[in-house]
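Encoded as structure tokens, the structure appears first; notes follow it.
The values are calculated or read from the model by the stated rules, or taken from the named source; none is laboratory data. This is a predicted model, so every value here is computed, not measured. Note that each Cβ is placed from the backbone with ideal geometry, even for glycine, and that neighbours are counted across all protein chains shown. When the accessible area is computed, the model is the full protein with side chains, heavy atoms only, and any ligands, DNA or RNA have been set aside. Shrake-Rupley method; radii C 1.70, N 1.55, O 1.52, S 1.80 Å.
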Amino acid sequence: MTAPQTIDDLPTPVILVDEEQLDRNILGMQRACDEAGVELRPHIKTHKLVPVAARQLAAGARGLTCAKLGEAEAMLASGAREMFVAHSLVDPRQAPRVAALAERLDDFRVAATSGEQAGALENLAARTGRKLAVMMAIDTGLGREGARDAKAAARLAAVIARCTHLDLRGFYTHEGWFYGAPFTPGDQRVETMIESLCAARDAIDPGLPVWPGCSVTAQDVAARSTGRVQAVRPGAYVFGDLALTAVTGVMRSGEVALHVLATVIDKPSPGLALIDAGSKTFSSDRTPAGIFALPADGRDFSVSRVNEEHGYVTGAGADALRVGERVPFVPAHVCTVVNLADEVVVRRRHEVAARWRVDARGCSQ
Ligand SMILES: Cc1ncc(COP(=O)(O)O)c(C=O)c1O
């Protein structure tokens with residue numbers, strides 16, 4: 001019998017998922033939602049993995065949120081019965097795929113994000129020959145899609161009401177602006193956000209649900225929902241990254257479940273080590289302080305610059321690194337890292353437990 005593979009046997013760069021920590025993160029968020037009586041509809045754009053979606057559903061998630069139709073199609077294999085594609089669909093060519101998803105699922109919803117987009121969505125929906133359930137986007141500060149205030153929401157509701165193939169079923173927001181700075185539970189801005197969402201909803205139909213909640217805010221939103229919020233849709237919490245640890249502080253470093261294992265390949269000058277992972281592994285996303293990745297063990301260096309296949313490691317601890325040394329890093333933004341990988345390696349402590357192909361990798365259509 002051959003000995004089980006360990007992470008020491010793997011070529012780098014490689015994406016490692018700590019299975020036990022992944023499960024703790026899934027169960028922790030689920031518990032917070034269950035205790036508050038709020039549904040969890042996790043966003044799968046972070047992991048793009050059927051086995052992770054299946055674990056989220058088995059833990060109690062009500063349904064899944066996806067960014068694109070391709071992600072939703074890939075996630076059908078998870079057994080999900082409810083999905084929300086939180087994106088501004090406008091292309092009538094997508095009608096057959098939308099119809100197929102609506103046919104396969106018990107509850108399939110898409111986004112209505114402005115009057116003009118709703119008009120295009122109505123045209124798409126008409127081609128499906130069915131009535132599409134829509135969630136209205138409310139912009140609560142990100143400045144991306146959605147009605148900017150309650151009056152704009154009322155106008156959008158009137159447009160949707162005139163669309164014979166659209167059925168308004170609720171409201172959502174993505175409060176991505178909370179990612180810029182440290183977050184403390186009890187932040188008054190969360191209350192303000194919930195109030196503005198509920199005010200927009202109450203003026204249109206008090207019976208409809210509101211679904212805010214990203215990985216920074218979800219537990220706080222759930223804890224203070226008091227019946228006002230029906231679901232949250234966090235994504236990155238399953239793995240964690242520097243956005244959730246070093247920047248906002250809602251996760252501890254020890255709670256991160258995904259690492260990029262990289263090898264030191266050269267030390268060309270004092271204060272600089274080069275690793276074999278660059279922008280084609282970490283992506284080009286960085287923290288507001290300009291950092292692409294930090295070592296998982298807290299040593300005093302960082303990936304401060306990247307080329308495609310090189311990471312520049314600088315900082316006080318860089319000179320102590322040895323050529324050939326393997327270092328696990330926490331990336332700045334985990335969602336873009338997973339989307340660049342063909343597969344992730346699942347580890348149980350030091351052993352390789354499984355290899356998961358990234359099912360929805362590149363499913364951006
Ligand atoms: C519409 C929408 N919902 C939910 C999320 C989940 O956010 P996070 O991964 O920050 O938890 C995102 C993230 O971009 C989003 O765009």
Just to check I understand the Karplus step: with θ = phi - 60° and J = 6.51 cos²θ - 1.76 cosθ + 1.60, what whole-Hz values come out for segment 32-43, glycine and proline as x?
4, 6, 4, 4, 8, x, 10, 6, 9, 10, x, 7
Rounded to whole Hz, the Karplus (6.51, -1.76, 1.60) HN-Hα couplings of segment 81-94, x for glycine and proline:
9, 10, 9, 10, 8, 8, 8, 7, 6, 9, 8, x, 4, 7
Whole-Å distance linking the alpha carbon centroid of segment 224-273 with that of segment 75-106 is 29
Using a 1.4 Å probe, what is the accessible area per residue for the chain, in Å²?
41
Compute the helix-to-body angle for 188-204: its Cα long axis versus the longest principal axis of the chain, expressed 0 to 90° and rounded to tens.
30
Rounded to a whole %, the carbon-and-sulfur portion of the accessible area of segment 19-239 at a 1.4 Å probe is 51
Relative contact order, percent, the chain [alpha-carbon distance under 8 Å, six or more residues apart]
21
Quick check on my link table: of Lys48/Lys280; Lys45/Lys267; Lys131/Lys151, which ones sit more than 29 Å apart, alpha carbon to alpha carbon?
Lys45/Lys267
Report, to the nearest 10°, how far helix 50-59 tilts away from the longest principal axis of the Cα atoms in the chain, using its own Cα long axis and a range of 0 to 90°.
70
Quick check: residue separation of Leu340 and Ala199 times 0.36 nm, minus the Cα distance between them. What number comes out in nm?
46.8 nm
Within segment 253-357, what whole-number % of the accessible surface is contributed by carbon and sulfur, with the 1.4 Å probe and all protein chains included in the calculation?
48
Among Phe171, Gly311, Ala120, flag the residue with its Cα farthest along the positive direction of the charge dipole of the chain, charges on Cβ as +1 for Lys/Arg and -1 for Asp/Glu.
Ala120
Taking the chain as the reference, fit the longest principal axis to its C-alpha atoms, fit the long axis of helix 115-128 to the helix C-alpha atoms, and give the angle between the two in degrees, 0 to 90, nearest 10.
80
Ranked by GNM mean-square fluctuation in the chain (Cα springs under 10 Å), the top entry among Pro212, Pro51, Pro270 is Pro270
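Is segment 19-239 best put as rounded, prolate or oblate by its Cα gyration tensor, with a ≥ b ≥ c the root eigenvalues, rounded for a/c under 1.5, and otherwise prolate when a/b is larger than b/c, oblate when not?
Here segment 19-239 falls in the oblate category.
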With θ set to phi - 60°, apply the Karplus curve 6.51 cos²θ - 1.76 cosθ + 1.60 along segment 279-284 and write out the HN-Hα couplings as whole Hz, x wherever there is a Gly or Pro.
5, 7, 10, 7, 6, 9
